[in-house]
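Laboratory data are not the source of any read-out in this text; all were calculated from the coordinates shown. On a predicted model such as this, the values are computed, not experimentally measured, just so you know. Methodologically, a virtual Cβ is constructed for each residue, glycine included, from the backbone with ideal geometry; neighbour enumeration extends over all protein chains shown.
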Amino acid sequence: MEILKYIILGIIQGITEPLPISSSGHLLVFKNLFNTNMFNDLNFEIIVNFASFLAILYIFRKDIIKLFKGFFGYIFDKQKSKQYFSDFKYCMLIIVSTIPTGIIGILFKDKIESALSTPKIVGFAFLITALALFLIRNIKGNKDDKDITYKDAILIGLLQAVAIFPGISRSGTVLVGCLLRNFKRETALKYTFILYFPVSLATFGLGAIDILKDNQLSLVLMPYLAGFVCSLVVTYFAYKWLAKIVKNGKLWKFSIYCLLMGIFTLIYFR
């Protein structure tokens with residue numbers, strides 16, 4: 001039964017991490033809905049988040065390798081040729097977009113979570129996400145990777161920082177920001193998930209220290225492993241599903257889900 005609980009949580013993480021429906025919001029709702037200690041295991045939460053990270057890293061492995069080669073190729077190229085410049089610039093754009101989240105996360109994350117981590121607040125956050133996804137339903141931009149500007153990166157970074165509030169979807173917020181900045185749908189999807197890597201990696205890096213210090217880790221190794229595998233596999237297929245929906249211009253469907261989830265949360269936890 002203990003392993004089954006962690007499998008369920010791994011599946012929840014795998015579904016909600018890539019989709020624009022807020023994994024943190026769902027986690028908080030389930031904590032209060034089931035009132036069980038399994039949802040208060042921060043180490044496990046870090047592990048299943050890392051599983052999602054690995055799944056998305058695998059999907060974008062070719063893009064990541066290309067960007068790394070281009071970034072360092074440009075830095076060490078004395079001629080500063082155009083061969084590497086586009087990849088170098090893309091990496092710089094990702095760095096610029098990451099800075100607001102990093103600053104706000106360091107300064108305010110704990111305060112925001114302690115003050116606003118309630119089901120009612122999350123319910124309203126679901127409604128905000130629903131409205132945002134509905135408003136951009138018909139937007140179809142024309143910007144490719146090469147057309148992204150530093151102004152785009154700054155504005156998208158500021159929007160991503162908003163996702164520090166419980167219940168606001170990071171992927172949903174960034175997708176909305178990209179589409180509002182006139183990105184093509186495929187371009188928006190790529191930028192959203194390349195931008196996911198630095199924040200996620202930093203979070204896992206900080207959390208890994210606590211995991212290694214946990215003397216009880218060996219006792220929960222099998223449940224953790226089961227949840228990890230479930231999160232890894234489910235995240236992969238959830239992203240593939242999301243990619244089809246975005247490319248077909250059907251992102252608004254998630255607004256219906258967030259609307260229903262928001263209404264349910266507000267009524268149930270009134």
Review point. Using a simple charge model, +1 on the beta-carbon of Lys and Arg, -1 on the beta-carbon of Asp and Glu, nothing else, what dipole does the chain show about its Cα centre, in debye to the nearest 20?
Key: 1100 debye
Check your understanding: How far apart, in nm, are the 7 Å Cα→Cβ label points at LEU54 and LYS213?
Key -> 2.4 nm
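Pull out the extension gain between LYS62 and LYS78, defined as 0.36 nm times the separation in residues minus the alpha carbon to alpha carbon distance; nm, one decimal. If you can, show how the numbers build up before the last one.
Details: separation 16, 0.36 × 16 = 5.76 nm, distance 2.54 nm.
Working it through step by step, the gained length comes to 3.2 nm.
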Review point. If amide H atoms are built 1.01 Å from N in the plane of the peptide, which residues on other chains or at least 5 residues away come under 5 Å of the amide H of LYS143?
Key: PHE183, LYS184
Practice item. Enumerate the calculated ³J(HN,Hα) couplings along the range 127-143 in order (Karplus 6.51 cos²θ - 1.76 cosθ + 1.60, θ = phi - 60°), each rounded to whole Hz, writing x wherever the residue is Gly or Pro. Key: 5, 5, 4, 4, 5, 4, 5, 6, 5, 9, 4, 9, 6, 9, x, 9, 7
Review point. Once percent of Cα pairs over 27 Å apart is worked out from the coordinates, which option in (1) 32; (2) 49; (3) 39 does it equal?
Key: (3)
Practice item. On a 0 to 90° scale, report how tilted helix 150-162 is relative to the longest principal axis of the chain, with both axes built from alpha carbons and the result rounded to the nearest 10. Key: 0 degrees
Point to revise | With Cα atoms, 0 to 90° folded angle of helix 170-180 axis to the chain main axis | key: 40 degrees
Check your understanding: In sequence order, what are the phi-derived ³J(HN,Hα) couplings for the range 54-59 according to the Karplus relation 6.51 cos²θ - 1.76 cosθ + 1.60 with θ = phi - 60°, rounded to whole Hz, with x for glycine and proline?
Key -> 5, 5, 6, 4, 5, 4
Check your understanding: What size of dipole, in debye to the nearest 20, comes out for the range 107-173 about its Cα centre when the only charges are +1 on Lys and Arg C-beta atoms and -1 on Asp and Glu C-beta atoms?
Key -> 140 debye
Exercise for review: May I ask you to list the aspartates and glutamates whose Cα is less than 12 Å away from that of LYS66, ignoring any residue fewer than eight positions away on the same chain?
Suggested key: ASP87
Revision key, fill the gap. The helix 2-16 Cα axis meets the longest alpha-carbon principal axis of the chain at an angle in degrees, between 0 and 90 and rounded to 10, of 40 degrees
Check your understanding: Which order do peptides 220-226, 72-78, 182-188, 23-29 fall in by mean Cβ count within 10 Å, highest first?
Key -> 23-29, 182-188, 220-226, 72-78
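My understanding is that a pair violates if its Cα-Cα distance is over 22 Å; which of LYS31/LYS111; LYS5/LYS120; LYS140/LYS240 do that in this structure?
Details: LYS31/LYS111 19 Å; LYS5/LYS120 25 Å; LYS140/LYS240 20 Å.
Over 22 Å Cα-Cα: LYS5/LYS120.
Between TRP252 and ASP110, what is the FRET efficiency for a Förster distance of 30 Å, r being their Cβ-Cβ separation, to the nearest 0.05? All intermediate terms of the calculation are to be shown ahead of the outcome.
Values: r = 34 Å, r/R0 = 1.14.
Computed FRET efficiency for TRP252 and ASP110: 0.30.
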Point to revise | Two-site label geometry, LEU221 and ASN182: point separation in nm, points 7 Å out along Cα→Cβ | key: 5.6 nm
Exercise for review: Answer with one residue from VAL199, LEU251, ILE65: the one whose Cα lies farthest towards the positive end of the charge dipole of the chain, charges on Cβ with Lys, Arg +1 and Asp, Glu -1.
Suggested key: LEU251
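Hey, got the dipole for the range 1-133? About the Cα centre, +1 on K and R Cβ, -1 on D and E Cβ, debye to the nearest 20? Before the final figure, lay out the partial values.
Details: 13 positive and 9 negative charges, 125 e Å.
The dipole magnitude comes to about 600 debye.
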Review point. For the range 85-176, with equal point scatterers placed on the C-alpha atoms only and solvent neglected, what are the log10 I(q)/I(0) values from the Debye formula at q = 0.18 1/Å, to two decimals?
Key: -0.88
